[in-house]
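The values are calculated or read from the model by the stated rules, or taken from the named source; none is laboratory data. This one's a predicted model, so the numbers in the text were calculated from it and none came from an experiment. Neighbour counts run over all protein chains shown; Cβ positions are idealised from the backbone, glycine included.
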């Protein structure tokens, strides 16, 4: 059975990797779908997010990383996935994931959602926290793989010359 683990992965972190590798152990193939058109502001373009995820997951043979631009359930059907995998870190994640699962089920009844609880050592890690700590020069080595830490350091350096006003745009 094939599963889809969708998200923006801006950037991928150890919490994502934890969910992806555990899901890869449950399914024949796991596609990590990197969503290209979210409504939120992103730090990395989709191509870079795909490459960061591919490098971070290169040792897991049954994970394929792909970008997508359409509805998640439509992408799931296109790639032949029967299951959407989502990660839960904290209780507040449940409400959003529950609502998304019901919406996806109403749009495509043949695709189910499976939620995995993030391992305890990663339940505080989010892409927003990783970006904030990295942009302020903090140590993120326990939150992200080395390739992601390097990409964040480069991005922080690129953005360091910008004024706070231009960072909000």
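Couple of notes before you dig in:
- Across the stretch 49-58, a minimum of one residue is classified as surrounded by fewer than 20 Cβ atoms within 10 Å (Cβ to Cβ), closer than 21 Å to residue 18 by Cα and more than 15 Å from the chain's Cα centre (by Cα).
- Residue match in the stretch 2-22 (condition: surrounded by fewer than 21 Cβ atoms within 10 Å (Cβ to Cβ), in contact with a helix residue (DSSP H, G or I) (Cβ under 8 Å, 6 or more places away or on another chain) and assigned to a strand (DSSP E or B)): yes
- The single condition from (1) crowded, with 16+ Cβ neighbours inside 10 Å; (2) over 15 Å from the mean Cα position of the chain (by Cα); (3) in a helix (DSSP H, G or I) that residue 113 fails is (3).
- Count of residues meeting criterion [at pLDDT 95 or above and part of a helix (DSSP H, G or I)] in the stretch 79-98: 1
- Residue among 129, 140 that alone is in contact with a helix residue (DSSP H, G or I) (Cβ under 7 Å, 6 or more places away or on another chain) and under 20 Å from residue 53 (Cβ atoms): 140
- The C-beta contact set for the stretch 144-162 (first residue on the phi > 0 side of the Ramachandran plot and surrounded by 15 or more Cβ atoms within 10 Å (Cβ to Cβ), second residue in a helix (DSSP H, G or I) and modelled with pLDDT under 95, distance under 7 angstrom, 6+ apart or interchain) is empty.
- All conditions in (1) surrounded by fewer than 20 Cβ atoms within 10 Å (Cβ to Cβ); (2) over 16 Å from residue 5 (Cα atoms); (3) at pLDDT 95 or above; (4) in contact with a helix residue (DSSP H, G or I) (Cβ under 9 Å, 6 or more places away or on another chain) hold for residue 44, with the sole exception of (1).
- Checking residue 134 against (1) surrounded by 14 or more Cβ atoms within 10 Å (Cβ to Cβ); (2) assigned to a loop (DSSP other than H, G, I, E, B); (3) free of Cβ contacts under 8 Å to residues at least 60 places away in the same chain, the condition it does not meet: (2)
- Taking the listed residues 55, 108, 29, 97, the one that is under 30 Å from residue 139 (Cα atoms) and touching a residue at least 24 places away in the same chain (Cβ under 8 Å) is 55, with no other qualifying.
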